[in-house]
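**Q** Okay, handing you the structure first.
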Amino acid sequence: MGEEYRHIGKATPRKDARAIVTGKAQYIDDMKLPRMLYGRVLRSPYPHARIKNIDTSKAEAYPGVKAVLTYKNVPEWRAGYPYHRLVLDSTMRFVGDAVSLVAAETEAIAEEALELIDVEYEQLPAVYDVEEAMKPDAPQIHERIPGNVFPRGYPAIGAKALQEVVMGDVEKGFSEADFVTEGTYAYENIPNPLPPEPPGVIATWEDPDHLTIYTSSQSAAMNRNFAQPALGLVDIRVISAQCGGSYGTKNANFIPMAHAAALAKATGRPVKVYFNKEEHFNAYSLRLGSRIHARVGIKKDGTVTALSGEWFVDTGAASEMAQVQVAVGCGEAQLMLRCPNWNLQPYLVCTNRNPSGCVRGFGGQELKSALIPLLTIAMEKADLDPVEFFKKNFVKPGDGYYWRDGIWWDYRGVDYSNTMQKGAEVFGWEDKWRGWGKPTAVNGTKRIGVGVGLHGNADIGEDESEAYVKISPDARAVLHACVSEAGMGERSSLCKMVAEVLNLPLDRVNITDPDTLINPFEFGLVGSRGTYAVGSASIEAAEDAKRKLFELAAPVLGAKPEDLETKDGQIYVRGNEEKAIPWRKAMGIMRTLTGLGRFETDFSLCNFMMIYAEVEVDVETGKTDLLRIVAVTDCGQIIDPLVLEGQLQGSFGSAGIDTALFEETVLDKDTGHILNCNMMDYKWRTFLDFPEFQSVILETPIPSHRFKAVGVGEISPAPGPSAVLMAIHSAIGKRITDYPATPDKILKALGKI
Amino acid sequence: MEVNDGNEREKRKGVSERAMATSGTTEKYNIRLTVNGKAHELMVGKDVNPEHTLSHTLRETLGYTGTKIGCDHGACGACTVLMDGDPVLSCMTLTVECDGRSITTIEGLEEPETGKLHPLQQAFIDNTAFQCGFCTPGIIMSAKALLDENPSPTEQDVKQALAGHYCRCISQYLVVKAVKEAAGKGR
């Protein structure tokens with residue numbers, strides 16, 4: 001159990017709860033600006049093609065159309081590293097790539113005008129397989145990415161950005177091993193995280209140097225921070241609406257924002273670009289494809305002596321920041337494996353399909369879903385219980401790792417072995433685990449199996465945050481922090497931290513809108529950094545405001561500032577609560593006090609998540625039912641139990657656990673079209689299909705900030721896919737080596753088809 | 001363009017027909033719609049076009065933006081409203097077919113005089129039975145239709161009634177709890 005606090009750790013209604021349940025919460029498509037136009041995008045029907053001719057004259061003449069843009073007349077804004085994404089291009093690189101943009105008085109007119117654009121394409125050969133794309137004779141997708149392999153590194157995360165995992169001497173390591181195993185696993189179902197709300201942007205130029213962006217984002221300021229260099233450093237004010245689900249996909253997606261901004265510039269009016277669901281499937285952030293070939297050296301006691309291999313990462317037709325996902329994945333591999341000898345070489349490759357983007361799990365889920373099954377081959381060979389293997393190999397205080405910045409970080413967090421054990425007890429692991437490839441039970445054609453997966457991420461302290469806390473004489477506080485609400489409840493959690501420091505009722509603390517104009521620097525709600533990084537800045541700002549308040553109060557009370565306490569807007573000398581004065585007596589009524597807080601990058605802590613899964617496989621039909629999930633974490637200190645519970649249950653969402661069983665984007669490799677680009681054919685779990693779910697949450701104080709807490713939401717789905725795959729192996733005794741484990745693959749593995 | 005020439009012609013024909021409808025050359029008549037107890041009269045060709053869905057009319061024409069559009073093809077349940085008490089997918093319902101109907105949206109659940117929340121709304125708040133909240137209005141409307149018909153549903157009844165709703169943050173476990181709790185309290 002954590003400490004007893006007034007607000008922290010207690011379930012309190014979310015600040016936006018009433019707005020959500022009454023329909024008043026404003027999402028991006030609920031907003032209209034005066035004189036606003038509607039933008040629509042003409043999309044490529046071909047996976048790889050060059051525009052030979054494009055005639056927009058009929059569309060331009062269509063009543064109500066205000067602008068038609070093609071590669072010939074758009075601003076030359078460029079994004080990606082190296083620059084490879086233009087606002088519009090003359091080459092199409094995936095089915096759904098943007099050909100032309102229209103702005104019109106109504107959405108219907110814009111849509112109709114798209115049909116009046118005549119395009120003549122020259123089709124080019126396309127490539128979809130990551131290793132095929134690396135061959136010398138493969139179609140070349142981007143001029144600036146020779147051989148379809150992205151250059152390593154990413155300047156934004158530092159000059160030494162982690163590019164591979166290389167340390168020790170792998171040959172020596174293999175020679176010390178009792179067993180050396182080898183294999184290939186692929187997590188290439190490129191599922192769609194698919195938030196219920198499609199992505200959308202409204203852009204309006206106040207003048208040529210001031211662009212205002214309204215969008216739906218989990219990290220409002222990231223849109224400004226990432227787009228400013230591309231747009232010639234114009235001032236970009238970003239305001240986020242309530243965000244209808246993101247799961248990493250609505251951070252800073254340059255292309256939709258550039259489309260709206262280009263149309264707004266061309267028309268001199270605000271323009272909204274809002275995707276429909278078909279576009280959401282065809283032209284927006286999929287997960288990365290991940291394939292690993294690797295050799296693993298292991299001793300009988302579970303010590304991993306060496307790991308060497310290649311990690312092929314397929315980002316589709318473009319990369320938003322996939323190099324960072326690869327770097328973080330490389331760091332996360334080290335967190336789970338205390339191995340002295342490494343040579344893991346990643347290759348980031350482009351192919352002709354809808355690009356991958358930032359997604360919850362951020363390289364780590366993609367890596368682990370292939371790497372953990374590879375390790376299980378070695379565990380099986382050494383006849384090791386996977387829970388014991390994970391306990392032995394997950395990072396411990398005194399260990400270290402190269403993180404995404406390429407710098408060695410000494411780990412100063414807690415040992416999560418105890419957490420793993422608690423989870424095992426709640427799940428009944430000892431009772432259910434019968435050894436590798438052995439079912440827990442057999443009932444006719446049905447076989448029960450269990451599996452376990454884990455994940456941890458040191459991004460909980462990534463990047464920087466700033467916050468102000470402004471207190472006023474009426475005993476209220478406002479947290480100025482550029483924090484969006486995309487479902488994580490972080491705005492409310494930060495208010496709780498500030499209220500705790502200032503000892504105010506929760507309804508006395510509010511937070512500013514997610515608007516870059518009125519808030520200091522904020523990186524965003526990524527990598528579960530809200531609790532530690534943004535929390536630290538907010539706590540420090542509240543403490544600073546309180547210190548300033550006590551300095552003013554001290555002479556009034558005839559005491560030293562360090563001897564003062566405050567509660568509910570009253571200040572008193574510690575132990576003498578009867579002689580209290582209100583804040584306004586200390587401050588006067590014509591004053592506010594502003595405390596400042598700042599957090600700087602710290603990769604020396606990580607969070608932890610483990611998933612235990614129990615499945616039932618019907619060996620006649622090949623169908624797998626997920627029976628039970630136990631999700632295990634130690635978050636140091638719970639901020640809000642219901643919010644945390646929701647984050648853990650979120651392991652089913654955002655292309656998580658179910659990517660092991662049925663979730664996939666089906667790409668037709670003859671035409672490049674996605675075959676299941678609607679919500680009927682893209683399968684998702686309904687209310688009726690959810691299995692028994694149990695969470696195990698420990699609170700071992702973690703040396704983060706005042707409240708000893710770390711966030712965990714981002715990683716909750718990541719251990720799921722490998723846990724389910726292991727459970728299927730236990731049930732049927734055969735290995736499925738790529739996801740999802742659909743009935744046909746299971747029957748094939750069983751030799752039945 | 002080498003494919004779909006026939007389709008292209010069809011599409012353009014569609015364009016001109018829609019343009020005619022937009023310009024108001026079709027027969028004019030009015031659609032009477034009651035939304036949350038308030039009567040609205042919508043002129044076809046002016047306020048409502050034949051292709052307008054109920055979700056479009058509610059959101060864009062009448063300003064009831066509490067109703068969300070997720071997939072716009074009847075698969076996610078976000079647009080659910082009550083029509084004469086029954087849950088309907090407003091993105092799959094044409095406004096011109098709704099003449100004389102009474103619609104309840106999420107904005108219509110509070111007590112009009114006191115602003116007191118419906119027990120379902122309160123239970124969703126108490127259980128934090130949402131994350132991003134985008135699917136919540138639709139879920140609450142289906143849950144209301146369920147409780148109006150069956151004040152004491154089993155857990156399975158609740159899941160069945162909500163099976164058409166997509167929630168990707170995964171609020172399902174807490175939603176079932178909230179609906180059961182609201183059912184227990186009644187109204």
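The values are calculated or read from the model by the stated rules, or taken from the named source; none is laboratory data. Remember, it's a predicted structure, so these values are computed and weren't measured experimentally. Glycine gets a Cβ as well: all are built from the backbone with ideal geometry, and neighbour counts include every protein chain shown.
**Q** Checking the conditions here, which among A:486, A:537 is under 28 Å from residue A:357 (Cβ atoms), under 41 Å from the mean Cα position of the chain (by Cα), assigned to a loop (DSSP other than H, G, I, E, B) and not assigned by TED's automatic domain parsing to the domain that holds residue A:638?
**A** From the options A:486, A:537, the qualifying one is A:486.
**Q** List the residue pairs whose Cβ atoms are under 9 Å apart, where the first residue sits in the range B:61-86 and is among the aromatic types (Phe, Trp, Tyr), the second is surrounded by fewer than 22 Cβ atoms within 10 Å (Cβ to Cβ) and assigned to a loop (DSSP other than H, G, I, E, B), and the two are 6 or more positions apart or on different chains.
**A** From the range B:61-86, the pairs are B:64/B:36.
**Q** Go through the range B:35-54 and give me each residue that's more than 16 Å from residue A:106 (Cβ to Cβ) and either within 11 Å of chain A (Cβ to nearest Cβ) or polar (S, T, N, Q) (or both).
**A** If the condition is that a residue be more than 16 Å from residue A:106 (Cβ to Cβ) and either within 11 Å of chain A (Cβ to nearest Cβ) or polar (S, T, N, Q) (or both), then B:36 is the only one that fits.
**Q** Can you give me the number of residues within the range A:24-38 that are surrounded by 20 or more Cβ atoms within 10 Å (Cβ to Cβ), more than 9 Å from chain B (Cβ to nearest Cβ) and assigned to a loop (DSSP other than H, G, I, E, B)?
**A** Summing the residues that are surrounded by 20 or more Cβ atoms within 10 Å (Cβ to Cβ), more than 9 Å from chain B (Cβ to nearest Cβ) and assigned to a loop (DSSP other than H, G, I, E, B) in the range A:24-38 gives 0.
**Q** From the list A:112, A:131, which one is in contact (Cβ under 8 Å) with a residue 12 or more places away in the chain, within 11 Å of chain B (Cβ to nearest Cβ) and not in a loop (DSSP other than H, G, I, E, B)?
**A** Matching residue, one of A:112, A:131: A:112.
**Q** For the range B:76-126, how many residues are in a helix (DSSP H, G or I), of a type outside the set (A, V, I, L, M) and within 29 Å of residue A:683 (Cβ to Cβ)?
**A** Matching residues across the range B:76-126 total 3.
**Q** So, in the range A:574-604, how many residues would count as being under 29 Å from residue A:704 (Cα atoms) and in a strand (DSSP E or B)?
**A** Count: 7.
**Q** Looking at A:699, A:692, A:663, which is the one that is closer than 30 Å to residue A:350 by Cα and either in the same structural domain as residue A:440 (by TED's automatic domain parsing) or modelled with pLDDT of 95 or more (or both)?
**A** After applying the criteria, what remains is A:663.
**Q** Taking the range A:651-679 on its own, how many of its residues are among the polar types (S, T, N, Q) and away from chain B (no Cβ under 11 Å)?
**A** 3
**Q** Here are some residues: A:41, A:21. Which one is facing chain B (nearest Cβ under 10 Å), modelled with pLDDT of 95 or more and surrounded by 21 or more Cβ atoms within 10 Å (Cβ to Cβ)?
**A** Exactly one residue qualifies, and that residue is A:21.
**Q** Turning to a different aspect of this structure: Report, by residue number, each residue of the range A:517-534 that is assigned to a loop (DSSP other than H, G, I, E, B) and under 21 Å from the mean Cα position of the chain (by Cα).
**A** A:521, A:523, A:524, A:525, A:526, A:527, A:528 - these are the residues of the range A:517-534 that are assigned to a loop (DSSP other than H, G, I, E, B) and under 21 Å from the mean Cα position of the chain (by Cα).
**Q** Quickly run through the range B:61-111 and pick out the residues that are more than 16 Å from residue B:137 (Cβ to Cβ) and within 13 Å of another protein chain (Cβ to nearest Cβ).
**A** B:61, B:73, B:74, B:75, B:92, B:111 - these are the residues of the range B:61-111 that are more than 16 Å from residue B:137 (Cβ to Cβ) and within 13 Å of another protein chain (Cβ to nearest Cβ).
**Q** Of all the residues that make up the range A:244-262, how many are away from chain B (no Cβ under 14 Å) and either of a type in the set (D, E, K, R) or touching a Gly at 6+ places or on another chain (Cβ under 7 Å) (or both)?
**A** Qualifying residue count for the region: 4.
**Q** Please find, among A:474, A:431, the residue that is charged (D, E, K, R), more than 23 Å from the chain's Cα centre (by Cα), in a helix (DSSP H, G or I) and farther than 25 Å from residue A:361 by Cα.
**A** One residue alone meets the criteria, A:431.
**Q** Something else now. Kindly check whether there is at least one residue in the range A:680-693 that is surrounded by 16 or more Cβ atoms within 10 Å (Cβ to Cβ), within 13 Å of chain B (Cβ to nearest Cβ), assigned to a strand (DSSP E or B) and touching a residue at least 12 places away in the same chain (Cβ under 8 Å).
**A** yes
**Q** Among the listed residues A:199, A:195, which satisfies the condition of being at negative phi and in contact with a Pro (Cβ under 7 Å, 6 or more places away or on another chain)?
**A** A:199
**Q** Given the conditions (1) closer than 26 Å to residue A:682 by Cα; (2) within 14 Å of another protein chain (Cβ to nearest Cβ), and given that residue A:241 satisfies all but one, which numbered condition is not satisfied?
**A** (1)
**Q** Follow-up question, since we're still on this one. Under the condition of being surrounded by fewer than 22 Cβ atoms within 10 Å (Cβ to Cβ) and of a type in the set (Gly, Ala, Ser), which residue from the range A:44-75 is nearest to the other protein chains (Cβ to nearest Cβ)?
**A** Looking at residues that are surrounded by fewer than 22 Cβ atoms within 10 Å (Cβ to Cβ) and of a type in the set (Gly, Ala, Ser), I get A:64.
**Q** Somewhere in the range B:142-149, is a residue part of a loop (DSSP other than H, G, I, E, B) and not assigned by TED's automatic domain parsing to the domain that holds residue B:39?
**A** The answer is no, given that none of the residues of the range B:142-149 is part of a loop (DSSP other than H, G, I, E, B) and not assigned by TED's automatic domain parsing to the domain that holds residue B:39.
**Q** Additional query: Any residue in the range B:119-133 that is facing chain A (nearest Cβ under 7 Å) sitting within a Cβ distance under 7 Å of a residue that is among the polar types (S, T, N, Q) and not in a helix (DSSP H, G or I)? List the pairs, counting only those 6 or more apart or interchain.
**A** Close Cβ pairs satisfying both conditions: B:130/B:171; B:131/B:171; B:133/A:242.
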